[in-house]
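Okay, so here's the structure we're looking at.
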Amino acid sequence: MELGLASLVALPLPPAPPLAGELTRHSLSPWLKIQNHTYSTPSLSYKVPSVTECHASLSTNYMETSEVVDLDWENLGFGLVETDFMYVAKCGPDGNFSKGEVLPFGPIAVSPSAGVLNYGQGLFEGLKAYRKTDGSILLFRPEENATRMITGAERMCMPAPTVEQFVDAVKQTVLANKRWVPPTGKGSLYIRPLLMGSGAVLGLAPAPEYTFIIFVSPVGNYFKEGLSPIHLIVEDKFHRASPGGTGGVKTIGNYASVLKAQRIAKGKGYSDVLYLDAVHDKYLEEVSSCNIFVVKDNVISTPAIKGTILPGITRKSIIEVAQSKGFKVEERLVSVDELLNADEIFCTGTAVVVSPVGSITYLGKRVEYGNQGVGVISQKLYKSLTSLQMGLVEDCMGWTVQLNQ
């Protein structure tokens, strides 16, 4: 049988003797108090890792795993690796989210008539945690993701956790899965917050109940090329978004709609697709899951945020880092012709961080960029941002949040 969250919480547990360092945090399911115990049902088997309590802030206690996972960190790709725990909170008709719980990672029970399944009422976010050389953990600008989720939720007629609730939930989830954070320089812990209409509806209407979930997975490079250049094709048949739509928020439907064009492009050997605007068919918008930057004569240009382009947090960070280093950055309409005459091109996003572009193909014409596509500016910005994210340099921007042990 498949077990939902409610079933998991209700599972009876065999007795266990008291253990040193036993977890007693009241907000967790009682069975989480059992350490190093493997529990099985006809369809489920899991092991509860050792846990201790630690303080990540003055106001909240967090559960933290103490074991170290054995993974092949050198060959870590960008795919799901199931970790130990996830965070779950519910919101009813009153619009207030309950105090969330850290539960074992696993299936959830959702009604077939849930708003997210029938009408796509859902949002997600993406951010990362990094391990410093001293073993401590850094989050990168989590409050920005919280703010963006609030904006997206308003557009999708959904309640959202407050910034404080969101950041607190991220901290809890990361510390509960601390053993899955890759060593410095070997990757990061990708954090996926989900907000969905889990309540049952039949007619077209906002769901009566919402669920906020966070799960995590250790990841390496998003593109198999790593920092090596990727190859894009400009899409001339499909569009990602249109004015007045939802292209500017991180709703789940935005990503399903790009799969067809992406699959066609990858079948032809391209890394991904670059979309043009739906009105004039000449201005750059974004790649399937990342923003685009064009460099010409040391001036960095990127399409302006105007409702059809996602306001990427890495995009925002790269703009601020570039400006701090003296580069001129323009946010404006950028035509496809400028793209074809650029000195270098790069993409930004939580998953890719900075990804240089080696070539772009448009209407059968392929344009290649010098130095095998890895431009001097994109290299410099990549090093600056990743060094900050991993705690290798002083954070003069005030962007990182350290999780105390």
(request) Between the alpha-carbon centers of segment 346-405 and segment 159-205, tell me the distance in whole angstrom. (result) 24 Å
(request) Treating the Cα atoms of segment 304-371 as identical point scatterers in vacuum, please give the log10 of the normalised Debye intensity I(q)/I(0) at q = 0.15, 0.16, 0.17, 0.25 Å⁻¹, two decimals. (result) -0.59, -0.67, -0.76, -1.35
(message) Using the Cα centre of segment 341-405 as the reference point, and only Cβ charges (+1 on K/R, -1 on D/E), how large is the resulting charge dipole? Debye, rounded to the nearest 20.
(response) 200 debye
(request) Would you kindly derive the ³J(HN,Hα) couplings of segment 174-191 from the backbone phi angles with the Karplus curve 6.51 cos²θ - 1.76 cosθ + 1.60 (θ = phi - 60°), listing them in order in whole Hz, with x for Gly and Pro? (result) 5, 5, 5, 10, 4, 5, 9, 6, x, x, 3, x, 9, x, 8, 9, 7, 10
(request) Set the Förster radius R0 to 25 Å, insert the Cβ-Cβ distance between Gln379 and Leu333 as r into 1/(1 + (r/R0)^6), and round the FRET efficiency to 0.05. (result) 0.40
(message) Considering only protein heavy atoms and a probe of 1.4 Å, how much of the accessible area of segment 276-364 is carbon and sulfur, as a whole percent?
(response) 47 percent
(message) Modelling each spin label as a point 7 Å along the Cα-to-Cβ direction, I'd like the Asn298/Asp343 distance in nm, to one decimal.
(response) 0.7 nm
(message) Quick check on packing: order 72-79, 287-294, 244-251 by the mean number of other C-beta atoms within 10 Å, highest mean leading.
(response) 287-294, 244-251, 72-79
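The values are calculated or read from the model by the stated rules, or taken from the named source; none is laboratory data. Quantities reported herein were computed from a predicted structural model and do not represent experimental measurements. Cβ sites come from the backbone with ideal geometry, for glycine too, and all protein chains shown count toward neighbours. When the accessible area is computed, the model is the full protein with side chains, heavy atoms only, and any ligands, DNA or RNA have been set aside. Shrake-Rupley method; radii C 1.70, N 1.55, O 1.52, S 1.80 Å.
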